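One structure below.
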């Protein structure tokens, strides 16, 4: 079971969180024209990376905040966690 | 029965307390502190089971967790448990055990014929034999194999025992209480670190209980006892026996099973049987010791052949002799320690040492005691069927290839020592890259991936002095890192006998003309010849060899067999052992009961049960409940002999004619506050929200980004910046997360807060033509006329002193209201509604009537909003705003979603107006068409229309828009039904929606 540092609550076990997918995906702005391809990329197309990547988790059984977690998908090592409003520096 | 093999004195058992037990129906006695194994051996019982494949007789091989043979079916307090190791099971009064894997009995076993058919059961026999004729497999081969093979029998009864889970955090977790575990725990505890020390056995001390050493001025055991009692006094130390750390998982989380009651005749009241500990440790010290390796020789599976360390443990801990004419077969000094112990107890052992001229203090001691030692000697084969009777022994050449002439000597047990294998399982599970250590012919932990460190014998260190030194140091160093204390413990003086180097000899060659089975894996009957066949057939990877031959795959997971298997593969392949590599170690280290893994999440406790504040009223009024997600809701209120169908029809009819009340507390409720609340609603719902007046409710539909309907519900504007959202019962949690996602990540600029208030409000839906009359009496001070409280209106009212929220919304399609009060007043509200509603003929209605009412009205619910439908499919396209963007809007332009013949909701009525339509049935054009019959749609919900008094269903139908009036067939292959039907509008009752506005 992963041990995730919630930026608000501190170290907590994985079973307090729910997974939220790729954290680098940006929702297209409302009301803006967007091509089918770009929309598909936003809604469906995800890379299944091996290695370091940023993902979203929600601390549902804690502070209910969405957080950003940098994790290695192969080793489960967690390098960094950020609050929802903090920018990822890639 | 007399305990013929019990020593006059000695051991750590309590001779003052006799314990009676039963094995295979016979009564025996042992003492408190015995294991089932030691008690049976004390009684001279060595035949305990049959082997997995050949059904050869099986005795005892070890004295603990490594035991491959002695697996029994245990009976305790009216329950039975399979595959218990007799070497681990502590004796208790009234214990009953039986052999497994033998039929009809352990002494006469029909399956033993496999032993003579073994030529037909070679490696991979599962894959080769029983292949034809094909039809024989299910009827003959498989049932026979299942009866002949297989281990114990699981109970099919409900397990009445309780199992608990516990989460724990510590600075240091130390796994094993031998010398390294005790020393490191002591050093760490002195530094004030929070320490958990786990010991698998009932007694602390590990090898200190059996080895002849001195620490300071105490014996090893005395030293262990004093350290343990000191640790027990320290508030920062948790010290647990009967506790096996069996798994090492991510981020330094380990799992330990504590056997709290397994050693007792009966679990004490309020106690669990076992407890599973999830331990998050800052640092882990693995002090799991080592397991003695066997040497491979002919018939080495005969009962009476066992590990020399086990023989010593039976003497020193249990005061039991495993035999009275012991033969010790060793390639190192450990065998001598066992021989010396025999001699001290008045037994004359013979030592066969594969080494030519070994010299050490221990060997000198054995010589001084006049023990018969034969150097360069090996056991070629054990003789005897159900117990060792003699041994064929021979001199072996210096190159270990040639055997001298064979002699037969009498013996009743053969104690084998092929040196020691470090127990690296936990380290390996943690991701540690293990390395091969030449000097000890075994793998040891290498580079750590997590915060773990391995100590003592588990790390390939076999001298006590070095072990203690390293363990004190590591315990001090790691705890200092955490607590910043540095309380040095003075290092005691250690007296131990020096050993000579071991002989890297592990397998006795076959004598000419003999074809003895030489076993590697004792539980799965994998012999040297099986590995040879597998390699001959082209299997190379050790992982493949393992699976093909089943080497190391039994319940002991090859604790005694893995390394010898590797030696063999490396020899045949002419590779060094590290090049062959070992198979992956996976948790659990040793079997864990399913009960412990499941814990208390059994039956009703497998999920929480949520009840509304009115639950006890429903119970008192004959409600029959149904699970709605985690909620319990009344399905119907039974009157007299009514069944579900009759009751729900009565309740629904009463709503259409008088007035009904339904508990709607379970609906999700979200409180939304902030100046941008309307903007948030406008973005998450498909329709327009910016101009909703205060005191008005609106129905809204939410989509996912992919255009699929996520949820629907009404949201009411309570005041300027305050909204009250309702969701479906099932989606309440998801909708909250959905809103939080957009507010926190996508539109953080919106000034809005959301919070769940589901449990803060109790809700009652009051529906029916007489509902306004009732409301007038409930809220005499409020204006609830059609003008004062119009459809989709909202007011606050005073319910006999209780503040209430009154919404004029309707799911039933009738004139209806939903009244909310704070949860604590829910019961009061409900009683008042029932009491005052009596004169209007009020009846409570359950979810079944609720469904009937919404289905015949064509209102969609979970069965239509099933994660596969878009707004159009549910005839909700009128709610899609053209003027604004919203979540999921862009997806609705996808080709399939915009197709002309897109599926759409319709009503379905059977032509005979009698036959009920099963939910989930398919709609087809021609019921006689050849299979696969093209499916046009499916029945999503069915009811008996109380308005029309005939069956009515909703369906999602391809090109539904143009199908109204068409005749189709409903087919339900499951119920074997074909029903001719007519497609009608989904709004079967009051299509213009006049009632809700009346």
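The numbers here are math on the coordinates, done by the rules we state, and not lab data. Model, not experiment: these values are computed from the prediction. Virtual Cβ from ideal backbone geometry, glycine too; neighbours counted across all protein chains shown.
At a 10 Å Cβ-Cβ cut-off, how would you order B:415, B:170, A:63, fewest neighbours first?
So the residues, fewest neighbours to most, are A:63, B:170, B:415.
Using only Cα atoms, find the angle between the long axis of helix B:179-190 and the longest principal axis of chain B, and express it within 0 to 90 degrees, rounded to the nearest 10.
Helix B:179-190 and the main axis of chain B meet at about 60 degrees.
In Å and on Cα atoms, what radius of gyration and Dmax does segment B:1-65 show?
Final numbers for Rg and Dmax: 12.9, 42 Å.
Could you tell me whether chain B comes out rounded, prolate or oblate from its Cα gyration tensor? Rule is a ≥ b ≥ c as square roots of the eigenvalues, rounded for a/c under 1.5, then prolate if a/b exceeds b/c, otherwise oblate.
Prolate shape, in that a/c is at least 1.5 and a/b is the bigger ratio.
As a test of the definition: which semi-axes, in Å, follow for the protein assembly as shown when you take the square root of five times each eigenvalue of its alpha carbon gyration tensor? Largest first, please.
In descending order the semi-axes read 71, 33, 29 Å.
If each residue's Cβ is checked for other Cβ atoms within 10 Å, how do B:301, B:410 rank with the fewest at the top?
B:410, B:301
When a/c is below 1.5 the answer is rounded, else prolate if a/b is larger than b/c, else oblate, so apply that to segment B:327-391 with a ≥ b ≥ c taken from the square roots of the Cα gyration tensor eigenvalues.
oblate
Mean shadow of segment B:899-997, computed from the convex hull of its alpha carbons, in nm²?
The number I arrive at for segment B:899-997 is 7.0 nm².
Within 10 Å of each residue's Cβ, count the other Cβ atoms and sort A:89, B:471, B:184, B:529 from fewest upward.
A:89, B:529, B:471, B:184
May I ask what percent, to the nearest 5, of DSSP beta bridges between residues of the protein assembly as shown are antiparallel?
75 percent
Measure nothing fancy, just the Cα-based angle from helix B:826-837's long axis to the longest principal axis of chain B, in degrees from 0 to 90, nearest 10.
40 degrees
Is it possible to state the helix-based mean residue ellipticity at 222 nm for the protein assembly as shown, with each DSSP H run of 4+ residues giving -39500 (n - 2.57), the sum divided by total residues, to the nearest 500 deg cm²/dmol? What is it?
Helices in the protein assembly as shown give a 222 nm mean residue ellipticity of -5500 deg cm²/dmol.
Kindly give the semi-axes, whole Å and largest first, of the ellipsoid equivalent to segment B:518-584, taking each as the square root of 5 times a Cα gyration tensor eigenvalue.
They are 16, 13, 11 Å, listed largest first.
Counting partner chain Cβ atoms within 10 Å of every residue's Cβ in A:1-11, what's the average?
2
Under the definition of Cα pairs under 8 Å and six or more residues apart, what whole-number percent is the relative contact order of chain B?
9 percent.
Would you mind telling me the antiparallel percentage of the DSSP bridges in chain B, rounded to 5?
Approximately 75 percent, going by the DSSP bridge assignments.
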